[in-house]
Number of protein chains: 6
Amino acid sequence: MPYVNIKVTDEGVTREQKQKLIEGTTKLLVDVLNKEPKTTFVVIDEVKTDNWGIGYEMVTEIRKTQNE
Amino acid sequence: MPYVNIKVTDEGVTREQKQKLIEGTTKLLVDVLNKEPKTTFVVIDEVKTDNWGIGYEMVTEIRKTQNE
Amino acid sequence: MPYVNIKVTDEGVTREQKQKLIEGTTKLLVDVLNKEPKTTFVVIDEVKTDNWGIGYEMVTEIRKTQNE
Amino acid sequence: MPYVNIKVTDEGVTREQKQKLIEGTTKLLVDVLNKEPKTTFVVIDEVKTDNWGIGYEMVTEIRKTQNE
Amino acid sequence: MPYVNIKVTDEGVTREQKQKLIEGTTKLLVDVLNKEPKTTFVVIDEVKTDNWGIGYEMVTEIRKTQNE
Amino acid sequence: MPYVNIKVTDEGVTREQKQKLIEGTTKLLVDVLNKEPKTTFVVIDEVKTDNWGIGYEMVTEIRKTQNE
């Protein structure tokens with residue numbers, strides 16, 4: 001009965017990548033804890049880079065510096 | 001002082017349905033735990049079907065199979 | 001496929017009350033959104049009154065004032 | 001290693017206000033708990049007023065009454 | 001900068017299993033989304049079986065039926 | 001009507017520190033967004049160091065290395 005919530009920044013996650021996250025997470029819970037996949041939920045939240053901060057800074061600003 | 005978070009797939013939940021979820025959840029907490037409605041929060045998250053997985057599969061794919 | 005998280009203060013919620021919260025929330029999602037109960041999760045978090053604040057104050061302190 | 005999630009209604013929070021929330025929260029965790037800012041995350045969720053209820057009512061409706 | 005929250009029932013998850021969940025989830029985010037492991041958080045919540053409901057029922061009750 | 005959830009590792013946060021987190025967070029939301037403190041919730045979760053991972057590792061293990 002696990003519930004997994006994955007929060008990542010909203011920077012172009014593709015449908016194929018989401019599918020891989022769902023499959024990989026579910027497989028992990030089956031392999032490690034012997035959970036039932038039919039009642040394993042994976043919910044992905046894509047958070048705008050303006051709404052995520054780390055080290056006092058918006059990710060939007062961090063990305064600018066990284067790309068300079 | 002309860003806080004309730006309801007996550008459902010984003011498949012056309014109407015304003016009237018949201019109102020019913022808010023009322024019903026608040027009433028439940030008042031009835032069962034005698035909580036104060038003025039400080040009872042209900043937050044509804046609508047999650048895209050691509051972002052919700054169950055049983056290794058995206059809900060988007062599950063819906064296709066169900067409608068076949 | 002809903003997921004509901006109910007956060008309340010840890011002030012002696014009984015097993016019977018938890019059962020009523022689980023049943024009532026699930027019924028609400030079935031009635032309002034026609035959801036499948038078999039994949040409706042309800043998770044209750046009991047939070048210590050020292051760890052919940054409202055209006056600048058710990059609930060622990062608010063309870064003292066209310067009982068005076 | 002703190003993770004802070006701030007949920008507010010989606011009513012025109014500006015980029016500058018988000019920056020202040022990120023900075024202020026991070027500073028608080030550094031000052032009070034001596035946490036490392038580089039691994040302090042702040043995630044802001046903006047919730048539509050139709051999706052937030054308090055005292056049995058949608059915030060959308062509460063705002064109408066407040067502005068009358 | 002991902003944040004992953006894994007909620008499972010509190011039924012004897014071992015330290016080794018937790019380590020595997022942390023490693024596996026982090027690896028998945030590195031492999032699929034090329035995320036930086038140093039800022040990838042995994043938080044595991046163990047929820048008492050009385051506090052988790054599915055299909056109108058407490059997991060505690062579901063386990064009894066399964067073991068009969 | 002904000003709701004703030006602060007997750008930190010469970011490493012001896014004192015009552016006084018919790019009070020400061022509640023006050024500081026509430027003040028920030030009042031100052032930056034002009035929110036009403038009476039309906040501002042702050043919930044602190046203390047997570048066991050075995051249950052928090054970063055950079056593939058349990059915080060428990062990271063602390064050992066830091067203290068060597």
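Any read-out appearing in this document is the output of simple, stated calculations on the displayed coordinates, not a laboratory observation. Remember, predicted model here, so these are calculated numbers, not experimental data. All Cβ positions, glycine included, derive from the backbone under ideal geometry; neighbour counts span all protein chains shown.
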Shortest first and in nm, the label-point separations between residue F:17 and its counterparts in the other identical copies (7 Å out along Cα→Cβ) come to 3.0, 3.0, 3.1, 3.5, 4.4
Expressed in angstrom, Rg and Dmax over the Cα atoms of the protein assembly as shown are 20.4, 64
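To the nearest 0.05, how large is the calculated FRET efficiency for residue B:66 and residue E:61 if R₀ is 25 Å and r is the Cβ-Cβ distance?
Once the sixth-power term is evaluated, E becomes 0.30.
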With N residues in the range E:3-67, Rg(alpha-carbon) / (2.2 N^0.38 Å) equals 1.40
Links exceeding 30 Å between C-alpha atoms in this model, out of C:27/D:18; A:20/B:27; E:7/F:64, come to C:27/D:18; A:20/B:27
Within the under-13-Å Cβ sphere about residue E:49, not counting residue E:49, Lys/Arg +1 and Asp/Glu -1 give a net charge of 0
Averaged over residues of D:29-35, the number of beta carbons from other chains lying within 10 Å of each residue's Cβ is 5
Per-residue Cβ contact counts at 10 Å, fewest first, order B:16, F:11 as B:16, F:11
In the C-onto-B rotation, chain C's nearest residue to the axis by C-beta, with distance in whole Å, turns out to be C:5, 2
Taking the label point 7 Å from Cα along the Cα-Cβ vector, the copy-to-copy distances for residue A:46, listed from shortest in nm with one decimal, are 1.7, 1.7, 3.6, 3.9, 4.0
If each K or R counts +1 and each D or E counts -1, the residues other than residue E:60 whose Cβ falls under 13 Å of its Cβ total -1
per DSSP, antiparallel bridges as share of beta bridges in chain E, % nearest 5, sits at 20
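DSSP beta bridges in the protein assembly as shown, what fraction antiparallel, as a percent rounded to 5?
Here the share of antiparallel DSSP bridges comes out near 50 percent.
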Rounded to the nearest Å, the spacing of the alpha-carbon centers of chain F and the range C:39-56 is 14
With +1 on the Cβ of every Lys and Arg and -1 on the Cβ of every Asp and Glu, the dipole magnitude of the protein assembly as shown about its Cα centre, in debye rounded to the nearest 20, is 0
One decimal, nm, nearest first: from residue A:65 to the same residue in each other copy, label points 7 Å out along Cα→Cβ, the values are 2.3, 4.1, 4.6, 4.6, 5.4
For peptide A:8-19, the mean count of other chain Cβ atoms within 10 Å per residue Cβ is 4
